[in-house]
Amino acid sequence: MSISENLNRIKSTLPAGVRLVAVSKTKPEEDILEAYNAGQRIFGESHAQELKQKHEDLPKDIEWHFIGHLQTNKIKYIISYISLIHSVDSLKLLVEINKEAAKHGVVVRCLLQFHIATEETKFGLTLDEARQLLESDEFRTLQNVRICGVMGIGSLTDNTEQTNREFANLKQIFDTLKADYFAGSDDFKELSMGMSGDYQLAIAHGSTLVRVGSSIFGQRVYDDKH
Ligand SMILES: *Cc1c(COP(=O)(O)O)cnc(C)c1O
């Protein structure tokens, strides 16, 4: 099936309120353009320099989301145009994003990434670490970042029960943070979970942003999601 057929098939299954992030990391610009011409506007990338090049070359009404591990020295490649950074996993990173955002006079929307999978190699905060971050004096001083929700990556497994537990856990974390820190905020509303293999389960658990790559663009030659 073509990229546009894949896209339309997936989009037809998404309920209202769930947005699709087309994960185009490692894929060539013509593939992104094919999805763009089929109406897709939100694309997810996980390498800052690759994203910088694609942003320069491709239509300017694309909404770029950063979904990978972000090194502080790479923030400058994406800060002026990034719509959402899904992968904030430390106060240190948030402070650096804030610093770069201030230089550009922008406020950058961010999600806190949580470690919900059993694999040890995945990045992400625990609930306690997130509480420490949100309660820190330094966090309160940050004027150029806005926390808009949470993100997590489920285990790479065929065990539906396990994936269900992990997504239920992330939804619980979202609800807890919303109640304890963001009750009055309209911005804190995004629950980014679900990829090609598990986005339907994620939607059943309240996902608002599904990040789907290979089901749209085909398998990647190399895969860095874990
Ligand atoms: C690569 C990646 C995806 C997309 O994975 P697919 O299985 O190809 O849909 C989603 N989220 C993150 C964080 C990724 O790195």
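Which residue, of LYS178, LYS103, is modelled with pLDDT of 95 or more and in contact with a Phe, Trp or Tyr (Cβ under 7 Å, 6 or more places away or on another chain)? Spell out how you get there, then give the answer.
Details: LYS103 fails: in contact with a Phe, Trp or Tyr (Cβ under 7 Å, 6 or more places away or on another chain).
Residue meeting the stated conditions: LYS178.
Within the stretch 191-203, is even one residue away from the ligand (no atom under 13 Å from the Cβ), out of contact with any Gly (no Cβ under 8 Å at 6 or more places or on another chain) and at pLDDT 95 or above?
Checked against the condition, which is being away from the ligand (no atom under 13 Å from the Cβ), out of contact with any Gly (no Cβ under 8 Å at 6 or more places or on another chain) and at pLDDT 95 or above, the stretch 191-203 yields no hits at all.
Go through (1) within 8 Å of the ligand (Cβ to nearest atom); (2) without any contact (Cβ under 8 Å) to a residue 60 or more places away in the chain for ASN169 and report which single condition fails.
Only one criterion is unmet by ASN169, namely (1).
Check SER215, SER196 and return the single one that is in a helix (DSSP H, G or I), in contact with a helix residue (DSSP H, G or I) (Cβ under 7 Å, 6 or more places away or on another chain) and of a type in the set (Ser, Thr, Tyr). Quick ask: steps written out before the conclusion?
Details: SER196 fails: in a helix (DSSP H, G or I).
Exactly one residue qualifies, and that residue is SER215.
Scan the stretch 63-74 and give yes if some residue there is closer than 28 Å to VAL212 by Cα and among the aliphatic types (A, V, I, L, M), otherwise no.
If we filter the stretch 63-74 for residues that are closer than 28 Å to VAL212 by Cα, which is where we start, we get 63-74.
Next, from what is left, pick out any that are among the aliphatic types (A, V, I, L, M): 67, 70.
So far as the stretch 63-74 goes, yes, one or more of its residues are closer than 28 Å to VAL212 by Cα and among the aliphatic types (A, V, I, L, M).
Inside the stretch 39-74, can you point out the residues that are basic (Lys, Arg) and either in contact with a strand residue (DSSP E or B) (Cβ under 9 Å, 6 or more places away or on another chain) or away from the ligand (no atom under 16 Å from the Cβ) (or both)?
Going through the stretch 39-74, the residues basic (Lys, Arg) turn out to be 41, 52, 54, 60, 74.
Selection gives ARG41, LYS52, LYS54, LYS60.
The values are calculated or read from the model by the stated rules, or taken from the named source; none is laboratory data. It should be emphasised that the depicted structure is a prediction, and the values quoted were computed from it without experimental measurement. Note that we place each Cβ from the backbone using ideal geometry, even for glycine, and neighbour counts take in every protein chain shown.
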